[in-house]
């Protein structure tokens, strides 16, 4: 039971009673805050997290060596398994870079086939034994084993396994090309021998097979058997500088996309105008949200002005009336803020799913940062300022007038 | 000068140190209140030269609606400030008090019964009394229940005002006005929303409760039937005449 003899207790009691009495207005107020706050937060978060997640989704590789062409296309094709391959490299070039001092790891990949739209990527099984896709994190198997370099076996990424319902022992015939097209099925039959655990990177959206499998696939050009689509690289020290000089500035046969993060950053930079537009939209939503919060609070408190006048005539002090208004606005704001977090998570989950399906990149939506807390606190403060505005108005307005029933 | 006096039946029961029984309990002098008109002039609604009430007395003021009676009560209660004049309640000079002091005086010493009851709609009958008591810092659930019992609606203590009949709401309003043992009870058209039978019952209840609680009662009404139930009554025109001021 609330102690009404204490001023705080009385304020709290009246604030709760007021909230219950004006339940509809209060809930609508809280809902408006939740919607405005949630939209603002989710726009900011998606914008920020998509860039961060893309930068972190490079699978632990520092660079990609591929055919002469666009660095971004190379990265998108080799690491994000999007876009088309700019061309092939010879097997010798792969052997050469593998032996180059400063190259810690080099894994060839070959692409060109799919299974119901999901890419088959041919590579060396060593990738799954040795490579860390994230610092300290090697690929883990959910079930089965890693494919043999010389058998028609497949290791399925978690997302594909879930989407296509592939299990250990399942057999399938790949389709030709990077996009699914009926009637282009190869005769080769692959058997699923392993299912990978999720990594939240584009590798989850891939069916991994031995590189020889892609190179020698029935129906492929003979030249392909001696070429690779790209080489994924982990480098030591400053090897990247000398390799960039060798391939990009002095050579003319291959392109080194290095460093991956910088190439992606330059892509995001080029898309700066789009980010700018998003920022304008999010800040506009934020501004509208703030105005909405202030106005909602003002209307909620306006509804209660008769109650406040009644409190005044039965002897309520200025502090108590102020306290009740602020208490009521605080309750609405806090419910609104909790709602805003839920709206943000709901939008985040939907967006996360869409981005994951499209790119295989898992964006983080749960990591609250200082500025998110700042936004939430600001919502409460603005809400209470809206209430304060009403409190001042109520206190200075004509008591007799405020006693008239609100129609 | 209009001066109405009536002796309390038992002056000894008035125990408040704020009241000097040798003096009148309520004393009003040269009280004026006006409202600005759009033309730049003012419209006077109250002009009381001299008005006094003894402790424990009961008086009814009658007059037509819109004549300024409610404003007069609001001035006494310190809800609005006068243009000029003084209002002394016991030893308190209301016109020199700050707003928080007037709020406190209202919470401690003045009970107010309104025509529209002005109950907190989100609070039950009991809560309405408890909140009024809380303004005085003396919440007493037992006494609140006793008061509701006294006005005959104890079984409705958990009902919201919207769940009560007009008569029951009026009783809650009355119980609330008495909840802090006020020394002065003001009643503005207290039976205005009641039918004739309920109005008679209600005014008798108000009078007897004030008598039991040694509370000075000042009622304003335009209803002759109500006025006739009081031993002492006075025409508002005899207290306040604003004709000369507004001419």
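Going by alpha carbons, how many degrees (0 to 90, nearest 10) lie between the helix axis of A:260-270 and the longest principal axis of chain A?
Taking the Cα atoms of chain A, the angle to A:260-270 is about 50 degrees.
Within 10 Å of each Cβ of B:94-103, how many other protein chain Cβ atoms are there on average? Please list the in-between numbers first.
On the way: counts 0, 0, 0, 0, 0, 4, 3, 1, 1, 11.
Counting Cβ atoms of other protein chains within 10 Å of each residue's Cβ and averaging gives 2.
Set the Förster radius R0 to 56 Å, insert the Cβ-Cβ distance between residue A:83 and residue A:27 as r into 1/(1 + (r/R0)^6), and round the FRET efficiency to 0.05. Working shown, then result.
Values: r = 48 Å, r/R0 = 0.85.
FRET efficiency, residue A:83 to residue A:27: 0.70.
Rounding to the nearest 10 and keeping the result within 0 to 90°, find how far the Cα-based axis of helix A:23-56 lies from the longest principal axis of chain A.
For helix A:23-56, the angle is close to 20 degrees.
Give the peptides A:360-366, A:132-138 in descending order of average Cβ contacts within 10 Å, highest first.
Working: A:360-366: 19.6, A:132-138: 11.7.
Listed from highest to lowest mean packing, they are A:360-366, A:132-138.
Under the rule a/c < 1.5 gives rounded, and otherwise a/b versus b/c splits prolate from oblate, where does the stretch A:98-255 land using the Cα gyration tensor? Please list the in-between numbers first.
Values: a/c = 2.21, a/b = 1.39, b/c = 1.58.
The shape class here is oblate.
Going by how many other Cβ atoms sit within 10 Å of their own, how do A:182, B:101, B:27 line up, fewest first?
The most exposed by this proxy come first: A:182, B:101, B:27.
With just the Cα atoms defining each centre, how far is the stretch B:57-102 from the stretch B:177-217? Give it in Å.
Going from one Cα centre to the other spans 18 Å.
On a C-alpha basis, how far is the centre of the stretch A:188-206 from the centre of the stretch A:337-407 in Å? Whole number, if you could?
Centre-to-centre (Cα) distance: 41 Å.
May I ask you to sort B:96, A:329 by Cβ crowding, counting other Cβ atoms within 10 Å and putting the fewest first?
On the way: B:96 11, A:329 33.
If I rank by nearby Cβ atoms, fewest first, I get B:96, A:329.
What is the P(r) of the stretch A:8-137, as percent of Cα-Cα pairs per 10 Å bin from 0?
Going out from 0 Å in 10 Å bins, the stretch A:8-137 shows 10, 26, 22, 11, 9, 10, 9, 4, 0 percent.
Express in whole angstrom the spacing between the alpha-carbon centres of the stretch A:221-274 and the stretch A:148-172.
Each part reduced to its Cα centre gives a spacing of 29 Å.
Using the 10 angstrom Cβ neighbour count as an exposure proxy, how do A:83, B:54 rank, fewest first?
Details: A:83 15, B:54 19.
Least to most surrounded, the residues fall as A:83, B:54.
Based on alpha-carbon atoms only, what is the radius of gyration of the stretch A:98-183 relative to the globular estimate 2.2 N^0.38 Å?
Details: Rg = 14.5 Å, N = 86, 2.2 N^0.38 = 12.0 Å.
My calculation over the Cα atoms of the stretch A:98-183 gives 1.21.
Relative contact order for chain A using alpha-carbon pairs under 8 Å, separation at least 6, rounded to a whole percent?
About 28 percent, as a whole number.
Given the DSSP H assignment, sum -39500 (n - 2.57) over each helix run of at least 4 residues in the protein assembly as shown and divide by its residue total; what's the result at 222 nm in deg cm²/dmol, nearest 500? Please report the intermediate quantities before stating the final value.
On the way: 23 runs with 297 residues, N = 654.
Computed ellipticity for the protein assembly as shown at 222 nm equals -14500 deg cm²/dmol.
Run the numbers on the stretch B:11-246 and let me know its relative contact order in percent, using alpha-carbon pairs under 8 Å that are six or more apart.
Computed over the stretch B:11-246, the figure is 28 percent.
Can you work out D for chain B in µm² s⁻¹ from Stokes-Einstein, where Rh is the Kirkwood radius over C-alpha pairs, the temperature is 25 °C and the viscosity is 0.890 mPa s?
In µm²/s, the coefficient is 133.
Give the angle, between 0 and 90 degrees and rounded to the nearest 10, that separates the Cα long axis of helix A:272-303 from the longest principal axis of the Cα atoms of chain A.
In chain A, helix A:272-303 runs at an angle near 20 degrees to the longest axis.
In peptide B:125-133, how many Cβ atoms from other protein chains are near each Cβ within 10 Å, on average? The partial results should precede the final answer.
Working: counts 0, 0, 4, 2, 0, 5, 10, 5, 3.
Neighbouring Cβ atoms belonging to other protein chains average 3 per residue here.
With contacts defined as alpha carbon pairs under 8 Å and 6 or more residues apart, what's the relative contact order of the stretch A:216-328 in percent? Mind dumping the intermediate values first?
Values: 20 pairs, mean separation 10.6, N = 113.
Answer for the stretch A:216-328 is 9 percent.
Between A:221, A:307, A:188, where does the largest GNM mean-square fluctuation fall for chain A, given springs only between Cα atoms within less than 10 Å?
Among A:221, A:307, A:188, the largest mean-square fluctuation in the Gaussian network model of chain A belongs to A:221.
Enter the per residue convex hull volume of the stretch B:40-102, computed from alpha-carbon coordinates, in Å³ rounded to the nearest integer.
Cα-based convex hull of the stretch B:40-102, divided per residue, equals 115 Å³.
Taken together, the values in this text are just the output of simple stated rules run on the coordinates, not laboratory data. Here the structure is a predicted model, which is why all the values come from computation and not from measurement. A quick note on method: Cβ atoms are made from the backbone with ideal geometry, for glycine too, and the neighbour counts reach across all protein chains shown.
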